[in-house]
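A short write-up of the structure that comes next.
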Amino acid sequence: MIETEVPRKNKASFEKLVKVIRQRNYKKATEYTYLRYNLDFLLFADKPAEKVVTKDIEKYIEHLRKKKVSSSTIQINISSLKMFFEEVLDMNVFEDFRRPAREYKTPKVLSQKEISLLLETASESPRSHLLCGLAYYAGLRVGEIIRLKWGQFDLSKKTIKVDSPIPTQNRTVSMDPELQKILKKFEKEVGTEKTSFLFPGKYQGTHLTSRNVERLVGDLAKDAGIKNQVTLFTLRHSRAIHQLAEGKSLEDIREFLGHKSLATTESYLPIRKNLRPQVRQKHIQDALKEIKKKYKY
């Protein structure tokens with residue numbers, strides 16, 4: 001639960017929010033985020049929730065912008081407030097609210113040399129090697145990696161059935177030969193129980209947390225002499241860019257990454273979205289040429 005005391009004038013409405021969130025059985029981190037952002041807003045507005053109007057929401061978003069809060073965090077703030085006012089209090093304060101456009105930043109990419117250094121460093125531990133290999137060679141998200149079970153691997157077909165936390169992102173991924181080698185090395189060390197997690201957590205029946213995995217990858221990158229911050233998403237994105245440099249199509253990359261929309265895959269390229277179709281296509285081709293020039297072996 002959050003530490004800051006809820007103002008007396010908002011205790012009843014805030015308790016309703018807590019009750020709804022608990023009923024929906026959200027993860028602890030999600031629960032904390034929804035409560036924290038709504039409480040921050042109520043403290044800023046300094047009025048009973050039932051008297052909040054659209055202008056109060058707009059002022060709060062502007063306040064977050066001035067504090068240089070990231071675009072993605074502002075979007076989560078808005079979603080949290082919408083849930084509170086529309087679904088808990090049944091108020092229409094968002095009816096005339098114009099949601100700011102989400103800003104996309106092109107993710108950082110490692111060179112093939114940096115990837116080689118990282119994988120070489122990770123190879124000292126079969127577990128670390130496989131974690132990095134799944135993110136790079138299979139393009140898996142951190143949430144997909146930590147939930148992997150041995151039963152999702154088909155070693156005869158050399159595929160992985162990816163069960164994503166988001167059902168629309170479920171897919172089957174072919175295993176790169178390098179990933180197969182890493183997996184065999186890990187398999188010899190730990191064995192393969194089909195219903196067990198590849199990366200078990202501290203307690204029986206649990207898996208490693210994303211926080212622990214990201215900390216591990218960050219430490220490996222430092223040990224490999226990579227100065228920039230590295231996450232599992234960095235490896236996933238780097239693989240996509242390297243495949244584009246090798247001549248793979250955007251549609252191939254979309255399927256590889258499990259994107260529902262091709263527009264999501266195109267957002268990996270440093271191009272503006274609000275361009276006329278013909279101009280946009282030219283910018284996409286120019287971006288792909290630059291990628292090939294910069295990352296092709």
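The values are calculated or read from the model by the stated rules, or taken from the named source; none is laboratory data. Here the structure is a predicted model, which means the values were calculated and not measured. FYI the Cβ positions are ideal-geometry reconstructions off the backbone, even for glycines, and counts take in every protein chain you see. These area figures cover heavy atoms from the full protein model, side chains too; ligands, DNA and RNA do not enter into them. Shrake-Rupley method; radii C 1.70, N 1.55, O 1.52, S 1.80 Å.
Can you find, among VAL109, SER80, VAL52, the residue farthest towards the positive end of the dipole of the stretch 48-119? Put +1 on the C-beta of Lys and Arg, -1 on that of Asp and Glu.
Working it through, the farthest residue towards the positive pole turns out to be VAL109.
Most fluctuating residue of SER156, SER79, SER238 in a GNM of the chain with Cα springs under 10 Å: which is it?
SER156
Per-residue ellipticity at 222 nm for the chain, helices alone: DSSP H runs ≥ 4 residues times -39500 (n - 2.57), over residue total, nearest 500 deg cm²/dmol?
Working: 13 runs with 157 residues, N = 297.
Counting only the DSSP helices, I get -16500 deg cm²/dmol.
With a 10 Å cut-off between alpha carbons and a GNM built on the chain, which of LYS158, LYS202, LYS108 moves the most?
Of LYS158, LYS202, LYS108, the most mobile in the Gaussian network model is LYS202.
Return the aspartates and glutamates within reach of LYS59: Cα separation strictly under 15 angstrom, same-chain partners fewer than 8 residues apart disregarded; answer none if there are no such residues.
The qualifying aspartates and glutamates are ASP40, ASP46, ASP96.
What is the percent of Cα-Cα separations in the stretch 8-89 that go past 17 Å?
The answer is 42 percent, as a whole percent.
Stokes-Einstein diffusion coefficient for the stretch 79-189 at 25 °C in a medium of 0.890 mPa s, Rh from the Kirkwood formula over Cα pairs: what value in µm²/s?
143
On a C-alpha basis, how far is the centre of the stretch 52-71 from the centre of the stretch 238-297 in Å? Whole number, if you could?
Cα centroid to Cα centroid, the span is 33 Å.
Which of the pairs LYS108/LYS222; LYS16/LYS47; LYS28/LYS68; LYS9/LYS47 have their Cα atoms more than 19 Å apart in this structure?
Violating the 19 Å limit, Cα to Cα: LYS28/LYS68.
Answer with one residue from VAL230, PHE256, HIS207: the one whose Cα lies farthest towards the positive end of the charge dipole of the stretch 190-271, charges on Cβ with Lys, Arg +1 and Asp, Glu -1.
HIS207
Give me the angle, in degrees from 0 to 90, between the Cα long axis of helix 11-23 and the longest principal axis of the Cα atoms of the chain, rounded to the nearest 10.
With rounding to tens, the tilt is 30 degrees.
Working only with C-alpha atoms, what are the Rg and Dmax values of the chain, expressed in angstrom?
That works out to 22.5, 63 Å for Rg and Dmax.
Taking loop as defined by DSSP and a crowding limit of 10 other beta carbons within 10 Å, which chymotrypsin sites (Phe, Trp or Tyr not before Pro) in the stretch 194-291 fit?
Counting only loop positions with at most 10 other Cβ atoms within 10 Å, the chymotrypsin sites (Phe, Trp or Tyr not before Pro) in the stretch 194-291 are TYR203.
Counting only protein heavy atoms and using a 1.4 Å probe, what share of the accessible area of the chain belongs to carbon plus sulfur, as a whole percent?
49
Angle check, please: helix 54-66 long axis (alpha carbons) against the longest principal axis of the chain (alpha carbons), in degrees 0 to 90, nearest 10.
50
Kindly flag which residue pairs out of LYS11/LYS149; LYS181/LYS248; LYS19/LYS202; LYS67/LYS227; LYS27/LYS51 have an alpha-carbon separation exceeding 32 Å in this structure.
LYS11/LYS149
Tally Lys and Arg at +1 and Asp and Glu at -1 over the other residues with C-beta under 10 Å from the C-beta of SER238: what net charge comes out?
+2
Among ILE284, LEU140, ILE166, which residue has its Cα positioned farthest towards the positive end of the charge dipole of the chain, with +1 placed on the Cβ of Lys and Arg, -1 on the Cβ of Asp and Glu, and the dipole taken about the Cα centre?
The residue sitting farthest along the positive end of the dipole is ILE284.
When the dipole is taken about the Cα centre of the stretch 112-291, and only Lys, Arg (+1) and Asp, Glu (-1) are charged at their Cβ, what size is it in debye, to the nearest 20?
For the stretch 112-291, the charge dipole is close to 460 debye.
Please give, to one decimal in nm, the separation of the simple spin-label points placed at LYS161 and GLU86, each 7 Å out from Cα toward the Cβ.
It is 3.5 nm.
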